[in-house]
Protein chains: 2
Amino acid sequence: MSTQPRLVEVRQKVLKHNDLLARNLRDRFRAAGVYVVSLVSSPGSGKTALLEKTLTLLQPKLRVAALVGDLATDNDALRLAQSGAPVRQIQTGTVCHLDAEMVAKALDGWQLQNLDVLFIENVGNLVCPSSYDLGENLRVVLMSVTEGEDKPLKYPTIFNTADLAIITKTDLAAAVEFDRDAALRNIESVRPGLNVIEVASKTNAGIDDWLDLLVSAASQHLG
Amino acid sequence: MSTQPRLVEVRQKVLKHNDLLARNLRDRFRAAGVYVVSLVSSPGSGKTALLEKTLTLLQPKLRVAALVGDLATDNDALRLAQSGAPVRQIQTGTVCHLDAEMVAKALDGWQLQNLDVLFIENVGNLVCPSSYDLGENLRVVLMSVTEGEDKPLKYPTIFNTADLAIITKTDLAAAVEFDRDAALRNIESVRPGLNVIEVASKTNAGIDDWLDLLVSAASQHLG
């Protein structure tokens, strides 16, 4: 009676289709020599605040741009465009994640070979984005100290598919009695060996660690 | 070429199937005289902290119980069970929301007529839960001051399907420079007239407003 198995089946086809498109994107990124970084997290974990700072501070060294996904509004694109970097908003409507097709469409007309690093900020969601390959080189999962230490245990898939975790809003750690050891232990338990960076976009704490990692990864990638 | 339209079509069937099951649940809740409240929000907005307090403080007056959804772990059920109220965990695996079938299954063996209020804590997600009717009488959307004032604009559907909004963690409002007027304006713009309560589970600020509303709504419902 349930239509759930049929949904799973069709969803698998969608994912397979997405994987093909993501492979095309990855080839295109490689050919253009652009390093692609995607950011995923809960709503309000500080993706846009970190990206704002990142775009501004990287620009003297690297040519950067960003795509930013939301169900509605172009608030984030307007905010990020103030950095001077090229930014485009993707509005997903009711869809809880970006997919490779949306990314490909949003890149229409952009000369990728003129970029060193492209950032893709996903819709705020700790579940849906995990299954959708966007052709990125580095997938970063953010969690803020205000969300609680247990998020890796509750949303293991997104941490499992990430290449780096960033703990954000560390300036609020004391106010929320954040248990740093527990958070690190929980990340380690769902994804052993995952690299973790801790930042506060507001105070710039840890931002250099993040920028150094990006510059090093991008330059290795660009060869 | 895209399989997206097929996914939309199958998804509509799933939603229709869910609506039928939710109607059955609603009839069952009504027959048993239990008032059902669901909570939705981003991960880490404080659903469990608020529910912990609510279960503890309501128990002298009302017979309460809770179902709590997460992709993985039964951390929240263990935490809430300390209140002494009956609590059951629903693990959704990779599914980003509860549905009526999961709720019906989780209620198996419970004597609903022995309850006054049943709480259903959804998976932390501001997108997926919005389309799934759980047969609840009151759907509450939470947003914490740490998430930013723009969440209603970015996730309008979940605010549109809610009957009440709760702004949580107000004890952190100053630390994160929360713009209360902007948040209230944004809620009002996507869902005019939506009732808003402001609480801090840590300090108990506003908790009485929430409990009074529940007691009054439940007693009206119980007639």
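Just so it is clear, none of the values below were taken in a lab; they were calculated from the coordinates. Computed from a predicted structure; not experimentally measured. Cβ atoms come from the backbone with ideal geometry, glycine included; neighbour counts cover every protein chain shown.
Which residue is nearest to A:Thr54 (Cα to Cα), if the candidates are limited to region A:104-128 and must be touching a residue at least 60 places away in the same chain (Cβ under 8 Å) and within 14 Å of chain B (Cβ to nearest Cβ)?
Among them, the one singled out is A:Glu121.
Which ones in region A:1-22 are within 7 Å of another protein chain (Cβ to nearest Cβ) and either part of a helix (DSSP H, G or I) or within 17 Å of B:Gln4 (Cβ to Cβ) (or both)?
Those that are within 7 Å of another protein chain (Cβ to nearest Cβ) and either part of a helix (DSSP H, G or I) or within 17 Å of B:Gln4 (Cβ to Cβ) (or both): A:Gln4, A:Arg6, A:Leu7, A:Val10, A:Arg11, A:Lys13, A:Val14, A:His17.
Just to verify a result, which residue in region A:147-158, among those that are out of contact with any strand residue (DSSP E or B) (no Cβ under 6 Å at 6 or more places or on another chain) and part of a helix (DSSP H, G or I), is farthest from the other protein chains (Cβ to nearest Cβ)?
In this case the residue turns out to be A:Pro152.
For A:Ala174, work out the one condition from (1) crowded, with 19+ Cβ neighbours inside 10 Å; (2) free of Cβ contacts under 8 Å to residues at least 24 places away in the same chain it doesn't fulfil.
(1)
Is one or more of the residues making up region B:92-115 farther than 27 Å from B:Glu147 by Cα, in contact with a helix residue (DSSP H, G or I) (Cβ under 7 Å, 6 or more places away or on another chain) and assigned to a strand (DSSP E or B)?
no
Out of the residues in region A:23-50 that are within 14 Å of chain B (Cβ to nearest Cβ) and assigned to a helix (DSSP H, G or I), state the one that is surrounded by the fewest Cβ atoms within 10 Å (Cβ to Cβ).
Step by step, filter region A:23-50, then rank; the result is A:Asn24.
Considering (1) under 30 Å from A:Gly33 (Cβ atoms); (2) touching a residue at least 40 places away in the same chain (Cβ under 8 Å), say which one A:Ala183 fails and leave the rest.
(1)
Which ones in region B:186-222 are surrounded by fewer than 17 Cβ atoms within 10 Å (Cβ to Cβ), farther than 22 Å from B:Ala49 by Cα and touching a residue at least 60 places away in the same chain (Cβ under 8 Å)?
B:Leu222 - this is the single residue of region B:186-222 that is surrounded by fewer than 17 Cβ atoms within 10 Å (Cβ to Cβ), farther than 22 Å from B:Ala49 by Cα and touching a residue at least 60 places away in the same chain (Cβ under 8 Å).
Of all residues being in contact with a Gly (Cβ under 9 Å, 6 or more places away or on another chain) and farther than 15 Å from A:Gly44 by Cα in region B:130-171, which is surrounded by the most Cβ atoms within 10 Å (Cβ to Cβ)? Just the residue, please.
The qualifying residue surrounded by the most Cβ atoms within 10 Å (Cβ to Cβ) is B:Ile166.
Filtering region B:51-76 down to residues that are in a helix (DSSP H, G or I) and of a type in the set (Val, Ile, Thr), which residue is nearest to the chain's Cα centre (by Cα)? Step through it out loud before you land on a result.
Of region B:51-76, the ones in a helix (DSSP H, G or I) are B:51-58, B:75-76.
From the residues that got through so far, the ones that are of a type in the set (Val, Ile, Thr) too are B:54, B:56.
On the way: B:Thr54: 13, B:Thr56: 17 Å.
Applying the filter and picking the extreme gives B:Thr54.
Which one is farthest from the chain's Cα centre (by Cα), of the residues in region A:191-208 that are farther than 25 Å from B:Thr168 by Cα and hydrophobic (A, V, I, L, M, F, W, C)? First the steps, then the outcome.
Just the residues of region A:191-208 that are farther than 25 Å from B:Thr168 by Cα, to begin with: A:191-197, A:204-208.
Right, trim to hydrophobic (A, V, I, L, M, F, W, C) and you get A:194, A:196-197, A:205, A:207.
On the way: A:Leu194: 15, A:Val196: 14, A:Ile197: 14, A:Ala205: 20, A:Ile207: 16 Å.
Out of the qualifying residues, it is A:Ala205.
Look at A:Ser144 and say whether it is within 9 Å of chain B (Cβ to nearest Cβ) and in contact with a strand residue (DSSP E or B) (Cβ under 9 Å, 6 or more places away or on another chain).
Here the answer is yes, as A:Ser144 does meet what is asked.
Just the residues that are surrounded by fewer than 23 Cβ atoms within 10 Å (Cβ to Cβ), under 15 Å from B:Leu115 (Cα atoms) and in contact with a Pro (Cβ under 9 Å, 6 or more places away or on another chain), please, taken from region B:64-88.
Correct list: B:Ala65 only.
For (1) in a loop (DSSP other than H, G, I, E, B); (2) away from every other protein chain (no Cβ under 12 Å); (3) over 14 Å from the mean Cα position of the chain (by Cα), each residue gets a yes or a no:
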site	(1), (2), (3)
A:Asp133	yes, yes, no
A:Val140	no, yes, no
A:Ile166	no, yes, no
A:Asp171	no, no, yes
A:Ser189	no, no, yes
A:Trp210	no, yes, no
